[in-house]
Amino acid sequence: MNIMIVGAGKMGSLIEETAKKQNMNVVLKADKLTYPDLSSFTEHVDAVIDFSHPDNLDWVYDFILSKGCAYICGTTGFTDEQVQKIETLGKSVPVVFQSNFSLGIAVLNQVLEMITPMLEDTFDIEVIEKHHNMKQDAPSGTAKTLVETMNKHHAYKEVHGREGFVGKRGKEIGIHAVRGGTVAGEHTVLFLGDNENLEITHTAQSRQIFVNGALRAAVFAVGRQPGMYTMKDILFQS
């Protein structure tokens, strides 16, 4: 498998290292915000793996369309317009677009889809996410995904932190972002009921779990029909 990596930071380097161990060929590695000269690039590319920055989307979009390759995207912080552009790309090539490529988070999301309807009438819901001090967007894309799963019908108001005299709690989901140190990622969902609480936490101990998931997604996506795929498809439908 020939892959192109977008993002030359820690994630990009770890993807390259792991891909080579899995006998994948890294044909190109693009720097974070530097538009590469692709005018003379002729090598075959099976998949583009992108953990970089939303500003790269325009040239990555053009490259993928020209090559007809799969797109594995773990970048977060896209605007609504950029998300629509990625969804448009999914009409031409297979796209795996995830805020978090951890297998554990995929399972957690599936669990929340199952249990939220059972608990939402009698339990309050809060989400707490923790990340390293270099993360630029908040709340995390993963937290947004978890909330979207629990609030798919938009029945809850989504409250980002609380300050001052906020009054009695309404029908809401509280979302809280913590930043500090070198935390790779921790997400906790709390269901707070009458005299009982249910707390589910996923802890990422290193970035390696996201790399493993992304490479698994690349193997899944190459050769598939165009469309938008997630880790749910990879784990529960493959």
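The values are calculated or read from the model by the stated rules, or taken from the named source; none is laboratory data. Values in this document were obtained by computation on a predicted structure and should not be read as measured data. Positions of Cβ are generated from backbone atoms using ideal geometry, with glycine treated the same way; all protein chains shown enter the neighbour counts. These accessible areas exclude ligands, DNA and RNA; they are computed on the full protein's heavy atoms, side chains included. Shrake-Rupley method; radii C 1.70, N 1.55, O 1.52, S 1.80 Å.
Of the whole protein surface, M118 contributes about 130 Å² of accessible area at a 1.4 Å probe radius. Dipole orientation for the chain: of the candidates T201, H154, N56, N56 has the Cα lying most toward the positive pole (charges on Cβ; Lys, Arg +1; Asp, Glu -1). Computed over protein heavy atoms with a 1.4 Å probe, the carbon and sulfur contribution to the accessible area of the chain reaches 49%.
As a calculated quantity, the FRET efficiency between L190 and Y35 at R0 = 35 Å, using C-beta atoms, amounts to about 0.20.
Here r is the Cβ-Cβ distance between D55 and L28 and R0 is 22 Å; the resulting FRET efficiency, rounded to 0.05, is 0.75. May I ask for the angle, rounded to the nearest 10°, between helix 141-150 and the longest principal axis of the chain, with both axes built from Cα atoms and the value confined to 0 to 90°? For 141-150 against the chain, the angle is about 50 degrees. With the cut-off at 1.5 for a/c, could you classify the stretch 1-108 from its C-alpha gyration tensor as rounded, prolate or oblate? Rounded.
Angle of helix 57-67 to the longest C-alpha principal axis of the chain, folded into 0 to 90 degrees and rounded to 10: 50°. Extension gain, V222-N2: 0.36 nm per intervening residue step, less the Cα-Cα distance, totals 78.2 nm.
State the label only: which of (1) 52, 40, 32; (2) 64, 36, 34; (3) 51, 46, 34 corresponds to Cα extents along the principal axes in Å computed from the shown model? Of the listed options (1) 52, 40, 32; (2) 64, 36, 34; (3) 51, 46, 34, (2) comes from this structure. With Cα atoms defining each centre, the stretch 165-224 and the stretch 41-77 are spaced 26 Å apart in the structure. Each residue of the stretch 94-102 was assigned a 3J(HN,Hα) from its phi angle through the Karplus curve 6.51 cos²θ - 1.76 cosθ + 1.60 (θ = phi - 60°); the sequence is x, 10, 10, 10, 9, 7, 8, 9, 5 Hz, with glycine and proline shown as x. Around the amide H of V222, modelled in the peptide plane, lies no amide H under 5 Å away from a residue 5 or more places distant or on another chain. When Y156, Y229 are compared by accessible surface with a 1.4 Å probe, the order from highest to lowest is Y229, Y156. Full extension of the chain between T79 and T18 yields a length gain of 19.0 nm, computed as 0.36 nm times the residue separation minus the alpha carbon distance. For the pair N197 and V107, label points projected 7 Å from Cα toward Cβ lie 2.4 nm apart. A simple spin-label model places the labels of T42 and K10 4.0 nm from each other, with each point 7 Å out along Cα-to-Cβ. Which FRET efficiency, nearest 0.05, do S92 and F236 yield, Cβ-Cβ r, R0 30 Å? Approximately 0.75, to the nearest 0.05.
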